[in-house]
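The values are calculated or read from the model by the stated rules, or taken from the named source; none is laboratory data. The structure presented is a predicted model; accordingly, all values stated were derived computationally and were not measured. Note that each Cβ is placed from the backbone with ideal geometry, even for glycine, and that neighbours are counted across all protein chains shown.
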Amino acid sequence: MKKLLSLIILAMLSIGMLAYVPITKAAPPTMYADPATKTLDYPVWPGTNPKWNFSVMVNNLTNCLTVSCSVKSQNNTAAIVTNYYKGAYITAQGLSWLIGEWDSVNGDVKDLTAYSSDQFTISTPQEIFKIEVEGKAFTDAGGVIVDIYAQYAGDVDNIDLLTGDCPNDHTVYLNKVIQVIQPTAAFTWLPVTVYDGDLVTFDATASTGGFDGNDVTNITAYEWDFGAGPANLTVNPTFTFSPDGSYPVNLTIYTDISGSPDPSYSQTAFVTHTVTVYAILAGRDIDLYTANWRYGDDNTTYPTPYTGEEPTYPNGAQVDSYGPQDLVCLYAKLTYNGEPISYKEVAFEVHGPSNQYQNIILWRQTFTNGSGIAEFCFRIPWPDLHAEDIVFGEWSALAKASVANQEVWDSHWWIVHWIVDIESETVTPNPVYELGTLEVNVTVKNWAMTPRNFTYTATLYDELQVPVGAAYLDVNDAPPGVSGPYSVTIFVPEWAYVGMGTVYKNLFTRLPWLCGICWCPEYSEIVVIKATDPHIPPF
């Protein structure tokens, strides 16, 4: 009996195994547009504008009667749909096709339809339409969006999409982007300060090619115009300017694409800079200028013309600002007819701001070196009492020397302050509820004459000094003067203790763990934290 039962069970298992056949679902139908490609095998219309083709593709469709699409450029001032073609599949299968409305002004293709009186099947990727798009005036580096609405339809309403059969009416939205990046023309020159008769070397290696939607456009030519003499076609030309005055220098770059089907097409870029040529200083002269080194500041030295260096700055001009304990280095260049005077004594005098506690004055004397430059450095003081009253404000410096019994002098002045400081601050809402968000805003004043980077941080503590939230914001190139507001958002958790909280705000050169240091003192503000708003359910 047991043996018979075993045979029956074995037979049932064998039958079950034979009856099991894996069910494989057909691949779902797909409709898509291949990336835009430069027109190669279709007509290139006259003109120099680039053109692209979109191939509208279908795959895994069964029992279909029609496939269709509509096309529209979202920005017709930049790109326009200009032509359309039968795809390879329609041509090969001999399917009929209809062309709906065609708006040649706005570049709309509507209802391009391939249809058949009999159902047809597409089991491998096939091209049904090809749409041509012409670039006109690309000003948006983010790209031009081309909208493609594609449809396919079958002859019955109840076909299951998962079987691979085509439903009665199914629309696919295909969003394609043509990104065009214009080339850029850029150049620098040395020396930066140019005197009458100087040979100036120009450098255009910072110029870049572009991208026309398909290909990188490479720089093929540089064309310089110095306002006099023949145009120069090299990347690093030289030119001698005379007499003194202002000279506009123009650079045009030309780009091309290797293997382009339209050899007349080229992207170009243009830039102009004015080179100021100064007269050679005649007779006796002394030029006082400065430099500053700040640890942790991305702008490690003050650039020309914010140093007070001639000829850009006249006597008595303002130079860039300093912060507490910054190292100030003063340089005095002594010359006769533009040539340096070596080993000559130069007197310096520096005055701090006038105040009721201590008026800072210092005097020094140093000799010029082989380049005719006398130098001395000092550090901005920071007393332990009344520091801001004593140090903050206008400072001035004077350099004076005698050349062949005639005195020459130069002076300039600067501001000492927290270089980047919080000007005003707000928090909203106040009070804030648990599970709510606190927005902490500051406006910032940059006391320097040049842009500065900073990192703004805000940290919220509840009444029991528990840190409950923090946020930070990196700001690059904050302009001189007041800017902002700059805002960060802090989430207040449900476990924060209700009561009088405090939000602390700081400005750093960068985050401390990235070697940042403080720009200014810490600011704080009281924030009332309340229990969870009854309208907000707890977690």
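Computed values, structure above
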| read-out | value |
| --- | --- |
| Selected residue (only one of 411, 396 is within 17 Å of residue 327 (Cα to Cα), within 42 Å of the chain's Cα centre (by Cα), in a strand (DSSP E or B) and among the polar types (S, T, N, Q)) | 396 |
| Qualifying residue in the stretch 473-483 (condition: closer than 28 Å to residue 387 by Cα and touching a residue at least 60 places away in the same chain (Cβ under 8 Å)) | no |
| Every residue from the stretch 428-440 that is touching a residue at least 24 places away in the same chain (Cβ under 8 Å) and either under 22 Å from residue 517 (Cα atoms) or surrounded by fewer than 21 Cβ atoms within 10 Å (Cβ to Cβ) (or both) | 430, 431, 435, 436, 437, 439, 440 |
| Near pairs, Cβ below 6 angstrom, 6+ apart or cross-chain, from the stretch 267-288 (under 30 Å from residue 209 (Cβ atoms)) to any residue that is part of a loop (DSSP other than H, G, I, E, B) | 267/183; 269/183; 269/185; 270/185; 271/185 |
| Qualifying residue in the stretch 487-503 (condition: within 21 Å of residue 324 (Cα to Cα), at pLDDT 95 or above and not β-branched (Val, Ile, Thr)) | no |
| Residue within the stretch 321-332 that is aromatic (Phe, Trp, Tyr), modelled with pLDDT of 90 or more and under 22 Å from residue 451 (Cβ atoms) present | yes |
| Only listed residue being surrounded by 14 or more Cβ atoms within 10 Å (Cβ to Cβ), touching a helix residue (DSSP H, G or I) at 6+ places or on another chain (Cβ under 9 Å) and polar (S, T, N, Q), chosen from 532, 450, 455, 443 | 455 |
| Any hit, the stretch 448-459, residues being more than 23 Å from the chain's Cα centre (by Cα), assigned by TED's automatic domain parsing to the domain that holds residue 521, at pLDDT 95 or above and not hydrophobic (A, V, I, L, M, F, W, C) | yes |
